[in-house]
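This report refers to the structure that appears directly beneath it.
The values are calculated or read from the model by the stated rules, or taken from the named source; none is laboratory data. Just so you know, these numbers come straight off a predicted model, no measurement behind them. Glycine gets a Cβ as well: all are built from the backbone with ideal geometry, and neighbour counts include every protein chain shown.
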Amino acid sequence: MTFATLGLADTLLQSLETLGYKTPTPIQEQAIPAILEGRDVMAAAQTGTGKTAGFALPILHSLATDGVKVGSNSVRALALVLVPTRELAEQVHASFRQYGEHTSVSTYAAYGGVSINPQMMRLRRGVDVLVATPGRLLDLYSQNALKLNKVQILVLDEADRMLDLGFANELDAVFAALP
Ligand code: AMP
């Protein structure tokens, strides 16, 4: 099994080659085809097993090949990745950037503990993939800095940890705002 046989776009294969990823890990082998088919996936695997690429690659593939992009002033996200902490937000965002380097898919990370204004400014231009912590996402949403009515893909990364950290109500509020 190779990344090419999974049917990923050449632009993504190029990044994987640069990164030296030779073959998909077991979770990638199972998750990537299912996500490319548009199915819902629930996956559990230990840290370091390549989970992030398991969802980032098929999401980037879908957004890079379906031709749908956010408008330049649309305050919209097409894919939303919720994560429990700002560290994970930065890490997941960095992975999307690395893998998507040769695509025109735009990505951004928004989290609490830092000023909200630069995040509002950036979101005004719209973003294809938004990685966010639930609390800051809701702040941005309630201040009309972001519309969630075009979200096509939702990822709950480390969902167990989000619930452990008490984000259940925030998650319900985000779900209510999704189409
Ligand atoms: P993760 O479990 O998503 O945190 O990934 C763990 C590490 O494995 C990260 O540093 C990735 O860059 C790396 N990685 C992910 N997928 C592969 C792969 N197929 N081949 C080699 N390294 C990978």
If we keep just the residues of region 12-37 that are without any contact (Cβ under 8 Å) to a residue 40 or more places away in the chain and under 20 Å from A79 (Cα atoms), which is nearest to the ligand (Cβ to nearest atom)? Q28
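Do the conditions hold for V127, that is, is it crowded, with 19+ Cβ neighbours inside 10 Å and modelled with pLDDT under 95?
Spelling it out, V127 is indeed crowded, with 19+ Cβ neighbours inside 10 Å and modelled with pLDDT under 95.
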Among V151, V81, which is the only one that is in contact (Cβ under 8 Å) with a residue 60 or more places away in the chain and in contact with an Asp or Glu (Cβ under 8 Å, 6 or more places away or on another chain)? V81
Counting only residues that are within 16 Å of the ligand (Cβ to nearest atom), give me the helices (runs of 4 or more DSSP H) lying completely in region 58-145 with at least 2 of them. 86-99
Identify all residues within region 135-152 that are surrounded by 24 or more Cβ atoms within 10 Å (Cβ to Cβ) and either in contact with a Gly (Cβ under 6 Å, 6 or more places away or on another chain) or under 17 Å from P84 (Cα atoms) (or both); write none if there are none. L137
Test: E170 is without any contact (Cβ under 8 Å) to a residue 24 or more places away in the chain and surrounded by fewer than 21 Cβ atoms within 10 Å (Cβ to Cβ): no
From the list H61, H93, H102, which residue is at pLDDT 95 or above, surrounded by fewer than 19 Cβ atoms within 10 Å (Cβ to Cβ) and closer than 26 Å to G20 by Cα? H102
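Hey, could you check region 1-38 for residues that are in a loop (DSSP other than H, G, I, E, B) and of a type in the set (S, T, N, Q) and say which is surrounded by the most Cβ atoms within 10 Å (Cβ to Cβ)?
Among residues in region 1-38 that are in a loop (DSSP other than H, G, I, E, B) and of a type in the set (S, T, N, Q), the one surrounded by the most Cβ atoms within 10 Å (Cβ to Cβ) is T25.
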Return a yes/no flag: does region 93-101 have any residue that is of a type in the set (D, E, K, R) and touching a Lys or Arg at 6+ places or on another chain (Cβ under 8 Å). no
Has region 39-51 got at least one residue that is farther than 21 Å from L154 by Cα, free of Cβ contacts under 8 Å to residues at least 60 places away in the same chain and crowded, with 21+ Cβ neighbours inside 10 Å? no
